[in-house]
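Only the coordinates and a few stated rules stand behind these numbers; no lab work does. Quick caveat: nothing in here was measured; it's all calculated off a predicted structure. For neighbour counting, all protein chains shown are included, and Cβ atoms are generated from backbone atoms with ideal geometry for every residue, glycine included.
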Amino acid sequence: MTARVMGTLTDMAQQDPIRLFVAHAWQESDDYHRVFEYLESSGKFYYRNTARTDVRPPGGVESERAALRQQIAVAEVVIAPTSVYRQDAQLLLFQLEHARQNHKPVLLIKPFGIQTSVPTPVMALGDRVVDWNERELIAAIKLLARKESQDRYDSIDFSAEDFAEFKDFKVRK
């Protein structure tokens, strides 16, 4: 008979994933996909994406904005790869301004692979800015969405074989 531990942090995280909205210009760019690659690489981070890039509503700008408002409304945090600014500056600014008006925290991710600064209008709407780094990204999401601090320390596991060359080592007095 095996005992199953219930109520662990992992169980709770799976039952209540963080709802996030990743800013987009109605298409899935490389950086849009990269956000999810970074989140998935952790293996211990549970989220639900509220963004829908696959269903661009007909009817023009106002119907698009209404759909974006609905997507942002259910999110706990808005994540903006700043490369979206190059795709459609007005659309990204709308998403970030709507998030701010509705008290949704905004996490900005610096441009990937190029040494350029975050555009000033975008920077003014962000709560936090991170580089493309899995741990930094996840820590910022948890902090902004749920006020969970990520004070982490790495532990390194060693085996006896790692120290085989030191078996005859003697300490001098």
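Here are the numbers for the structure shown:
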{"read-out": "Sparse-neighbourhood loop sites, trypsin sites (Lys or Arg not before Pro) in the stretch 39-87 - DSSP loop, at most 12 other Cβ within 10 angstrom", "value": "Lys44"}
{"read-out": "Glu40-Val74 FRET efficiency (beta carbon distance; Förster radius 22 Å; 0.05 resolution)", "value": "0.60"}
{"read-out": "Zone residues, the stretch 39-62, relative to Gln90, backbone N less than 20 Å from point 7 Å out along Cα-to-Cβ", "value": "56-62"}
{"read-out": "Exposure proxy order (Cβ contacts within 10 Å, fewest to most) of Thr50, Thr82", "value": "Thr50, Thr82"}
{"read-out": "Cα-centre dipole for the stretch 9-166 with unit charges at Cβ (Lys and Arg positive, Asp and Glu negative), debye to 20", "value": "980"}
{"read-out": "Least to most buried among Leu137, Leu143 (fewest other Cβ within 10 Å first)", "value": "Leu143, Leu137"}
